[in-house]
Amino acid sequence: MTVRIGVFDSGMGGLTVLAALRKALPGADYLYLGDPARLPYGTKSGATVTRYALQCAKVLVERRIDLLVVACNTVSAVALGPLQETFAPLPIIGVVEPGAEAGVKATRNGHIAVIATEGTVRGGAYVRAIHARNPDIRVTQAACPLFVALAEEGWTEGEVAEAAARRYLEPLFEHAVPPDTLVLGCTHFPLLRTVIESVVGSGVNLVDSARTTAQAVAARIPPSAGSVAAPPAFLVTDSPARFARLGGQFLGETISSEAVELIDLA
């Protein structure tokens, strides 16, 4: 039996999670929902993010998914509990816990830096998740909201991206004992991996929550589930042509405009 996995994010960033999922579970059937009409989630209140998340999840649940992946760190940080309570017993997996787990395993000196949206940093979800695993680890956080816009526009290299990366990241590594691990706490951020690495250096472990989340999902799915790969389907709340055009940079492959359906969550 083919497993149907629903994935949602505020925009295109969750496509990095979808790409990782398809590598880990190529035989599953995928339905992705992006909500660019209300992007960004990271600057909005927890109540608003929760309301948006419940609306997105409802659409996917109504299309008979077997498992839901919350491919948005902001939603995972503030609304995972309400989602799990509302849609129980559906398995729902967020990106924060797998990212925190990988960060704890990667650090050698006990100092982890987390970069994320304002909402994720403000909510402190990564700090709690990391300290739940090891309370002695030092966690330094920074909100990098411009990274989301740069990724959505495809400005992932060049002077503008590098200037933003230096402005955000250099202060994180000015400590007497700088972090040796950097958690990319937003699914948009892997697109800026090259410029991030150029600023922090090769000696810092970069933890990509997309990859770690895919591993967590794969652990929940029987190995025999899904024997025939099917192309993913996409739902978006705005600009399907733009989503198809730019989304391929996140997914790592071309997205056909015919595979993108415009929906209204209002």
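Residues in the range 117-139 that are of a type in the set (A, V, I, L, M, F, W, C) and modelled with pLDDT under 95: V121, A125.
Working only within the range 220-264, note down all residues that are assigned to a loop (DSSP other than H, G, I, E, B) and either on the phi > 0 side of the Ramachandran plot or modelled with pLDDT of 90 or more (or both).
Of the residues in the range 220-264, the ones assigned to a loop (DSSP other than H, G, I, E, B) are 221-232, 237-239, 252-256, 263-264.
Answer for the range 220-264, where residues must be assigned to a loop (DSSP other than H, G, I, E, B) and either on the phi > 0 side of the Ramachandran plot or modelled with pLDDT of 90 or more (or both): G226, P232, T237, D238, S239, G252, E253, T254, I255, S256, I263, D264.
In the range 169-181, which residue that is assigned to a helix (DSSP H, G or I) and aliphatic (A, V, I, L, M) is nearest to K105 (Cα to Cα)? Step through it out loud before you land on a result.
Filtering the range 169-181 for residues assigned to a helix (DSSP H, G or I) gives 169-173.
Going one step further and asking which of them are aliphatic (A, V, I, L, M), we end up with 169, 172.
Numbers: L169: 22, L172: 20 Å.
The residue in question is L172.
Scanning the range 70-82 for residues that are of a type in the set (A, V, I, L, M, F, W, C) and part of a helix (DSSP H, G or I) yields a total of 4.
Residues L246, L251, L192: which one is buried (at least 17 other Cβ atoms within 10 Å of the Cβ) and not assigned by TED's automatic domain parsing to the domain that holds A37? It would help to see each step written out before you state the result.
Numbers: L246 fails: not assigned by TED's automatic domain parsing to the domain that holds A37; L251 fails: not assigned by TED's automatic domain parsing to the domain that holds A37.
Unique residue meeting the criteria: L192.
Considering A79, A106, A143, the condition of being over 23 Å from R193 (Cα atoms) and either under 18 Å from the mean Cα position of the chain (by Cα) or surrounded by fewer than 18 Cβ atoms within 10 Å (Cβ to Cβ) (or both) is satisfied by A79 alone.
To keep it simple, each residue is scored yes or no on (1) in a helix (DSSP H, G or I); (2) among the acidic types (D, E).
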{"residue": "Q84", "(1), (2)": "yes, no"}
{"residue": "N109", "(1), (2)": "no, no"}
{"residue": "I112", "(1), (2)": "no, no"}
{"residue": "V121", "(1), (2)": "yes, no"}
{"residue": "T140", "(1), (2)": "no, no"}
{"residue": "E157", "(1), (2)": "no, yes"}
{"residue": "A163", "(1), (2)": "yes, no"}
{"residue": "R167", "(1), (2)": "yes, no"}
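A single entry from S202, S198 fulfils the requirement of being in contact with a helix residue (DSSP H, G or I) (Cβ under 8 Å, 6 or more places away or on another chain) and either outside any helix (DSSP H, G or I) or not assigned by TED's automatic domain parsing to the domain that holds A79 (or both): S198. The set of residues in the range 1-27 that are surrounded by fewer than 24 Cβ atoms within 10 Å (Cβ to Cβ) and assigned to a loop (DSSP other than H, G, I, E, B) comprises M1, T2, V3, L25, P26, G27. Residues in the range 35-45 that are part of a helix (DSSP H, G or I) and under 17 Å from the mean Cα position of the chain (by Cα): P36, R38. If you filter the range 254-264 down to residues that are within 21 Å of the chain's Cα centre (by Cα) and touching a residue at least 12 places away in the same chain (Cβ under 8 Å), you find that the one that is surrounded by the fewest Cβ atoms within 10 Å (Cβ to Cβ) is V260.
Residue-by-condition table, conditions (1) not small (G, A, S); (2) not assigned by TED's automatic domain parsing to the domain that holds A219:
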| position | (1), (2) |
| --- | --- |
| K58 | yes, no |
| G81 | no, no |
| D136 | yes, yes |
| L150 | yes, yes |
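For the range 32-56: of the residues being farther than 16 Å from G94 by Cα and hydrophobic (A, V, I, L, M, F, W, C), which is surrounded by the fewest Cβ atoms within 10 Å (Cβ to Cβ)? The residue in question is A47. If we scan the range 61-69, do we find a residue that is of a type in the set (V, I, T) and either on the phi > 0 side of the Ramachandran plot or in a loop (DSSP other than H, G, I, E, B) (or both)? Yes.
The values are calculated or read from the model by the stated rules, or taken from the named source; none is laboratory data. None of these values were measured; they are calculated from a predicted model. So basically every Cβ, Gly included, is an ideal-geometry build from the backbone, and we count neighbours across all protein chains shown.
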